[in-house]
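These notes concern the structure reproduced below.
The values are calculated or read from the model by the stated rules, or taken from the named source; none is laboratory data. Note that the structure is a prediction, hence the values are computed from the model and not measured. Cβ: placed from backbone, ideal geometry, glycine included. Neighbour counts: every protein chain shown.
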């Protein structure tokens, strides 16, 4: 049952986990801490949860929209002037999506033993919700597909910030206290934020944007930022709460997953993400001289997952987080278009 009380208790526990993760210096602590706690409860302690417990999905959608709005407010006219070699980068992103999908398909089909639809839609390096929707229509194994797509995002946002922190010899991103939010924002700003969030959600739905719950509010935030009509500041506590809710809801997706299935999925995810990050590193090394952006900035721009954390890491490199986000949105768009054209390869499930 979708119990508001159960959801509230879970969010409270995950909030404590978020502060604990920040104390430990984990990347994206207010999402990773709750995700770990929620995931452990959903797998290890599943028998103690209500039989039909499900996270309130509408609540998660609202807070994803908050993150999208925050990122959108970082888009300024100077962003496009900074995006040198964007046409070449877009072409490179297309190559990255095709090669990553082919590599992942081999991993999931040959090593994981997945059927064709499950292997193909698990291979998508972006468009998490769209790939799951297409896969369900094609008759894919939904539980495996959802597991692999979520593990892709989780693995990237965990490994890459840690790897970059080790490389630079200092914490980066949210573990270093970086944020795109404002520490002190008057409560009088909340009604404006609420209207912008609602408008963004509606825009994403009407225009059928990819990752609409994120990109719709992002477009609204960008429009307000570029027009200069409204000063849109997002309070830090709201961003932290949004990440707690998102992390808690992601963890509940693992309910009913056995330890063996989770272990196998994690191993396949490490193999898949490892290959994609190597390819991203190659693309970054080739594009860095063309775009005049440092290698690590291009690396996080191509990394297949974690738009929010990649944007936060960009703040401490330093780099424009909106530029990094732009690359990720383009990657998602290319992936979703590719999935749409590929749908006819699989017979719909009757």
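In table form, for the structure just shown:
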{"quantity": "Qualifying positions in segment 285-316 - at pLDDT below 70 and surrounded by fewer than 23 Cβ atoms within 10 Å (Cβ to Cβ)", "calculated": "315, 316"}
{"quantity": "Meets criteria (in contact (Cβ under 8 Å) with a residue 12 or more places away in the chain, within 22 Å of residue 146 (Cβ to Cβ) and surrounded by 24 or more Cβ atoms within 10 Å (Cβ to Cβ)) for residue 324", "calculated": "no"}
{"quantity": "Hits in segment 108-129 (condition: in a helix (DSSP H, G or I) and either in contact with a strand residue (DSSP E or B) (Cβ under 9 Å, 6 or more places away or on another chain) or surrounded by 21 or more Cβ atoms within 10 Å (Cβ to Cβ) (or both))", "calculated": "108, 117, 118, 119, 120, 121, 122"}
{"quantity": "Scan of segment 1-19 for residues that are touching a helix residue (DSSP H, G or I) at 6+ places or on another chain (Cβ under 6 Å) and either more than 12 Å from residue 247 (Cα to Cα) or at pLDDT below 85 (or both), ordered by number", "calculated": "10"}
{"quantity": "Test: residue 80 is within 19 Å of the chain's Cα centre (by Cα), part of a helix (DSSP H, G or I) and either closer than 19 Å to residue 332 by Cβ or at pLDDT below 80 (or both)", "calculated": "no"}
{"quantity": "Residue within segment 160-172 that is modelled with pLDDT of 90 or more and over 20 Å from the mean Cα position of the chain (by Cα) present", "calculated": "no"}
